[in-house]
1. Output the number of residues of region 15-29 satisfying the condition of being buried (at least 16 other Cβ atoms within 10 Å of the Cβ) and either free of Cβ contacts under 8 Å to residues at least 40 places away in the same chain or touching an Asp or Glu at 6+ places or on another chain (Cβ under 7 Å) (or both).
2. Report whether or not ASN180 is polar (S, T, N, Q) and either over 30 Å from GLU289 (Cα atoms) or in contact with a Leu (Cβ under 6 Å, 6 or more places away or on another chain) (or both).
3. Counting only residues that are part of a loop (DSSP other than H, G, I, E, B), closer than 14 Å to ILE270 by Cβ and either of a type outside the set (Val, Ile, Thr) or within 36 Å of the chain's Cα centre (by Cα) (or both), how many does region 204-252 have?
4. So VAL226 fits all but one of (1) without any contact (Cβ under 8 Å) to a residue 40 or more places away in the chain; (2) farther than 30 Å from LEU177 by Cα; what number is the exception?
5. When ILE168 is evaluated against the numbered criteria (1) in contact with a Leu (Cβ under 8 Å, 6 or more places away or on another chain); (2) within 30 Å of LYS109 (Cα to Cα); (3) in a helix (DSSP H, G or I), which criterion, by number, is the only one it fails?
6. Within region 171-195, which residues are in a helix (DSSP H, G or I), under 10 Å from the mean Cα position of the chain (by Cα) and surrounded by fewer than 22 Cβ atoms within 10 Å (Cβ to Cβ)?
7. Which residue pairs have Cβ atoms under 7 Å apart, sit 6 or more places apart or on different chains, and have a first residue in region 77-90 that is of a type in the set (D, E, K, R) and a second that is surrounded by fewer than 17 Cβ atoms within 10 Å (Cβ to Cβ)?
Amino acid sequence: MSIDVKNLVKIYGEQKAVNNISFKVNKGEIVGFLGPNGAGKSTTMKMITGYLQPSDGDALVCDVNVKADPLHTKQKIGYLPESNSLYYEMYVKEYLEFIAEVHKVENKKEKISRVIQQVGLTPEAHKKIGQLSKGYKQRVGLAAALIHDPEVLILDEPTSGLDPNQIIEIRNVIKELGKNKTVLFSSHIMQEVQAVCDRVIIINKGTIVADDLLSNLLKKVHAGSVTLTIKEDVEESIFDEIQNINRIDRTTWNFKTDNPEQLKKNLIKISLEKNLNILSLTGDLNSLEDVFRNLTQNQS
């Protein structure tokens, strides 16, 4: 088990920032760790990496207890914190060489060249870190997390500050790394998580409110909806065989459903039978954003 969180608690004064949470992440998994601001995501990540001591509970990395042997676990982890603190007066290669020295990396020049290429830093590698855009600074942080070829990656908002093209590039890097590493990462960009992860953990107010395959989460909260606009003003009873109806206006109806395509077929059949004139008929599956909003708002 690469990451094993057991009844983890973090208390600040009278506030429980993390409230008795448990989860596991296996090698080869890319797991999205989601939650509203202040939900406990970053606090949990800092406890897993050993940057914060838990008030109670344990975090194990590659079967090693972080509290018992923090140095050993840090050798196993590549960590990109949300703040991504860097030395702005150092050149990119100079900084990566410094990080490589800390981790006692062999073949430093080769490893530095590899990670620079891997995260797309080549055009800016000759500059001081302070001269870089926010997006390229984020890439420096990711390169530093990868320099010692860790077994586990903990990435807190890894695409923060990147433009859409850069996001896709880093997304592809994460997907490639996830083939033989354990990746736990947080993001507020739901499309990014949906594109990269098979599994999602959602935390709200310090408590895990969902931990499941993405496909299962999309089914648990209504999987989608169909919107129908017709020419006629009719009573709701005309759709009496269909559940979860919401009348938007005089001629427009919205239907929650787990199977939008089948429902559209049923609505066409009803319209033909009742001589209704369809002006528009659209159906959509819910996105991860819909699931996230449903789970976290319902807990508020």
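1. The total comes to 1.
2. Spelling it out, it is not the case that ASN180 is polar (S, T, N, Q) and either over 30 Å from GLU289 (Cα atoms) or in contact with a Leu (Cβ under 6 Å, 6 or more places away or on another chain) (or both).
3. Total meeting the criteria: 6.
4. (1)
5. Single failed check for ILE168: (1).
6. From region 171-195, those in a helix (DSSP H, G or I) are 171-177, 190-195; that's our starting set.
Right, trim to under 10 Å from the mean Cα position of the chain (by Cα) and you get 190-195.
Scanning region 171-195 gives MET190, GLN191, GLU192, GLN194, ALA195.
7. That search, which allows pairs on different chains as well, returns GLU89/LYS128; GLU89/GLY130.
Bear in mind these aren't lab numbers, they're just calculated from the coordinates by the rules spelled out. Fair warning: this is a prediction, and the values are worked out from it, not measured in the lab. In this analysis, Cβ positions are derived from the backbone assuming ideal geometry, glycine residues included, and neighbour counts consider all displayed protein chains.
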